[in-house]
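Okay, so here's the structure we're looking at.
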Amino acid sequence: MRLAYTGERIRLAQIADDQAVIEDATFTDCDLVGPAVVMLDDTTVSESTWGGTADSIFWPVPEGREVMGSLRLYQCVFRRCTFRNIGIVAVPDDIAQMRTEIGV
């Protein structure tokens, strides 16, 4: 998998590995397209926009529950990206913090 993407339109599911993980990748000025539900794991999102309201983007799940079909974004960086038709799965305690950090 490539580690850097700049100015591209990308379907996240197409660049994930067989375990549905995208790891150590940096995305700058990219248009990221779903449909997809992602789990942010040690990932930074800055100056980016999300298509939808916070209620439509965040999918709360109980602590410890495995979520099949989601993409794990591990140690990735997203700068000035647009997320389209992409949701975020997280435990309720993390959602408030994420809303502030990623600006949703």
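Only the coordinates and a few stated rules stand behind these numbers; no lab work does. Everything quoted here is computed from the prediction, not taken from an experiment. All Cβ positions, even for glycine, are placed from backbone atoms using ideal geometry, and neighbour counts span all protein chains on display.
In segment 55-104, the qualifying residues are those that are surrounded by 15 or more Cβ atoms within 10 Å (Cβ to Cβ) and of a type in the set (G, A, S), and the one that is farthest from A36 (Cα to Cα) is A90.
For segment 36-66, enumerate the residues that are part of a loop (DSSP other than H, G, I, E, B), touching a Phe, Trp or Tyr at 6+ places or on another chain (Cβ under 8 Å) and either without any contact (Cβ under 8 Å) to a residue 40 or more places away in the chain or among the aromatic types (F, W, Y) (or both).
First, pick out the residues of segment 36-66 that are part of a loop (DSSP other than H, G, I, E, B): 42-43, 47-48, 51-53, 61-66.
Now narrow it down to the ones that are touching a Phe, Trp or Tyr at 6+ places or on another chain (Cβ under 8 Å): 42-43, 48, 51.
Across segment 36-66, the qualifying residues are D42, T43, G51.
Please go through segment 1-35 and pick out each residue that is crowded, with 16+ Cβ neighbours inside 10 Å, of a type outside the set (A, V, I, L, M) and outside any strand (DSSP E or B). Listed by number, the list holds a single entry, C30. Filtered by the rule that a residue be touching a Lys or Arg at 6+ places or on another chain (Cβ under 6 Å) and closer than 21 Å to Q14 by Cβ, segment 49-85 gives a lone residue, G51. Check G51 against each of (1) exposed (fewer than 15 other Cβ atoms within 10 Å of the Cβ); (2) touching a strand residue (DSSP E or B) at 6+ places or on another chain (Cβ under 6 Å); (3) closer than 21 Å to D17 by Cβ; (4) not charged (D, E, K, R) and name the one condition it does not meet. Failed condition: (3).
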